[in-house]
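To start, the structure under review is shown below, and the notes come after it.
The values are calculated or read from the model by the stated rules, or taken from the named source; none is laboratory data. Quantities reported herein were computed from a predicted structural model and do not represent experimental measurements. Cβ sites come from the backbone with ideal geometry, for glycine too, and all protein chains shown count toward neighbours.
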Amino acid sequence: MSSRPLVAALGLGAASALALPPLHAVPVLLLTLPAFLGLLGAARSWRAALGLGLAFGWGHHILGTYWVSHALFTDLARWWWLLPVAAPGIALPLALFSALPALLAWLAPAGWRRVLAFSGAWVLAEMLRGVMFTGFPWNLIGTVWAFSALPLQPASLVGVHGLSLLTVFIACLPALRSWRWGALGVVLLAGWMGFGAWRLAEAGPAVEETRLILVQGNVAQDLKWQEDQRLPIFQRYLTLTEEAGRSAHEAHPHARIVVIWPETASPYLLAQDEQARRAIAAALPPNGVLLAGTVRADWGADGRLARIYNSLVGVGGDAALLTVFDKAHLVPFGEYMPLGGLLPIRMVTGGMDFTAGPGPASISLPGIPAFSPLICYEVIFPGHVVGAERPAWLLNVTNDAWFGLSAGPYQHLASARLRAVEEGLPMVRVAQTGISAVFDAQGRGLGWLGLGGRGSLTAWLPPPAAATAFSQLGLLIPGFFMVIALLASNFWRGRHKYMQEQN
């Protein structure tokens, strides 16, 4: 096969990434995906189809995850050599998952069956990407709709993977060159948006009981752990807490106030440092409690550091430690070294791997509705954000300072917004450098703190909605529709024909 189809597939994949946050140029998929199916239709062998899928996926993920390179600037003297290869290197294993839909689409008979095969296999690849090698379900195609709550509502039934299936199917219909199929796409899209409008109209009124204060310190990652910056950073969070807490208490003296700091916001180990907790207690408003991201440590009997955790702790007005939650889904190369450390690339300061916590949990504190904490990218895993007991709200604390003013924080925010719709639960997201936000149980934004800003956001905690179909059955629902699409595509017929031609 000549290089021209591979270059074209690479370009089409990169162009498709324009539909992702923050651009949300969704109509571009109506051009790129049909054109890619055209390339597959012209492929002469299964090897050529795999190559086209790999090229498409590589271009798609290079542009979709370019922002990972920004983390290298936190220690450029050490990591400069990774700059040219970081984004392409991360995109390459992700691109392997795009080879599967390319192959199955090539095997399927031409026409609507090929569209079904590509749509179903794309979702299969997304679901596999979410679990294999610890999982990385980033930039799922369904997130292209996260610019508004309206188009996200079907996620309450089928999850983000269901949105991906619908999106890829509709976007590929122009490849069929028929007004009937185009009309079907219009009908599906109209029904999709109509369901969204109906569900948003059914949402109930807010309940003004728990007052939230989201504190965004906007601390640059390269300053975060410098010894001479610890006290100024801590004081910044205390000052923002005290100012916002005083105003909230004066306006609503009987409300329970929950102040939230982002992931690893405290430069001190709050679970062990009583002096730091006393300083926090002095800054809290009456009837207030703090939920804060912090590193937590365990020491052995010999007094040496034994384990460290990425944690969320609760601190009361009397400086008591109310709760501790440890992050379970750790970031490879950031919080632990995979493969026994064969690849010596550790982006987080320190030489010790973090220890994983037990997993999703519902935490109850006096006077506060039960919540499920999600630290950093734990929020990107659909169907895995709540434990056995359903909480009243979701809390995502994160540190996106690693990725600066790039697309990364917007993409992370889109995942958090989708979890709210899928689970029918409010999502409260507090980020070190932004974007911090409060979403209701239907994914509507109730308040924002923009990327790169410093300050606080005060809002009422929205009420939960009724349990959604997705919250009860999870990935079984999009998995069912994915299997139906693949079975209806009859993709194995193409393989039989190919084998006959080879013989």
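Data overview
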| quantity | calculated |
| --- | --- |
| Selected residue (criterion: nearest to the chain's Cα centre (by Cα)) from residues of the range 128-145 that are more than 13 Å from residue 416 (Cα to Cα), in contact (Cβ under 8 Å) with a residue 12 or more places away in the chain and surrounded by fewer than 24 Cβ atoms within 10 Å (Cβ to Cβ) | 136 |
| Some residue of the range 249-264 being surrounded by fewer than 13 Cβ atoms within 10 Å (Cβ to Cβ) and either within 21 Å of residue 365 (Cα to Cα) or touching a His at 6+ places or on another chain (Cβ under 8 Å) (or both) | yes |
| So residue 124, is it free of Cβ contacts under 8 Å to residues at least 24 places away in the same chain, over 25 Å from residue 177 (Cα atoms) and surrounded by fewer than 23 Cβ atoms within 10 Å (Cβ to Cβ) | no |
| Failed item, numbered, when residue 155 is tested on (1) farther than 21 Å from residue 379 by Cα; (2) within 24 Å of the chain's Cα centre (by Cα); (3) in the same structural domain as residue 73 (by TED's automatic domain parsing) | (1) |
| The range 355-369 residues that are in a strand (DSSP E or B), paired with ones that are at pLDDT below 90 (beta carbon under 9 Å, 6 or more apart) | 369/209 |
| Selection status of residue 18, in a helix (DSSP H, G or I), under 30 Å from residue 181 (Cβ atoms), free of Cβ contacts under 8 Å to residues at least 60 places away in the same chain and over 24 Å from the mean Cα position of the chain (by Cα) | no |
| Residue match in the range 326-333 (condition: over 23 Å from residue 366 (Cβ atoms), in contact (Cβ under 8 Å) with a residue 40 or more places away in the chain and part of a strand (DSSP E or B)) | yes |
| Residue in the range 462-482 that is nearest to residue 368 (Cα to Cα), counting only those that are of a type outside the set (A, V, I, L, M) and assigned to a helix (DSSP H, G or I) | 471 |
| Unique residue being over 17 Å from residue 283 (Cα atoms), surrounded by 17 or more Cβ atoms within 10 Å (Cβ to Cβ) and out of contact with any His (no Cβ under 6 Å at 6 or more places or on another chain) when the list is 198, 192 | 192 |
| Selection count where residues are touching a helix residue (DSSP H, G or I) at 6+ places or on another chain (Cβ under 6 Å) and in a loop (DSSP other than H, G, I, E, B), scope the range 287-317 | 1 |
| Yes/no for residue 171 being in a loop (DSSP other than H, G, I, E, B) and hydrophobic (A, V, I, L, M, F, W, C) | no |
| Criterion (within 14 Å of residue 415 (Cα to Cα), free of Cβ contacts under 8 Å to residues at least 40 places away in the same chain and either buried (at least 19 other Cβ atoms within 10 Å of the Cβ) or outside the structural domain of residue 384 (by TED's automatic domain parsing) (or both)) met by exactly one of 178, 148 | 148 |
| Selected residue [at pLDDT 95 or above and over 17 Å from residue 320 (Cα atoms)] from 253, 267, 262 | 262 |
| Subset of the range 80-97 [in a helix (DSSP H, G or I) and either buried (at least 17 other Cβ atoms within 10 Å of the Cβ) or touching a residue at least 12 places away in the same chain (Cβ under 8 Å) (or both)] | 82, 86, 87, 88, 90, 91, 92, 93, 94, 95, 96, 97 |
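So that you can scan it fast, the table gives a plain yes or no per residue for (1) buried (at least 22 other Cβ atoms within 10 Å of the Cβ); (2) modelled with pLDDT under 95; (3) more than 19 Å from residue 158 (Cα to Cα); (4) not assigned by TED's automatic domain parsing to the domain that holds residue 149:
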{"site": "353", "(1), (2), (3), (4)": "no, yes, yes, yes"}
{"site": "360", "(1), (2), (3), (4)": "no, yes, yes, yes"}
{"site": "364", "(1), (2), (3), (4)": "no, yes, yes, yes"}
{"site": "392", "(1), (2), (3), (4)": "no, no, yes, yes"}
{"site": "401", "(1), (2), (3), (4)": "yes, yes, yes, yes"}
{"site": "405", "(1), (2), (3), (4)": "no, yes, yes, yes"}
{"site": "413", "(1), (2), (3), (4)": "yes, no, yes, yes"}
{"site": "417", "(1), (2), (3), (4)": "yes, no, no, yes"}
{"site": "422", "(1), (2), (3), (4)": "yes, no, no, yes"}
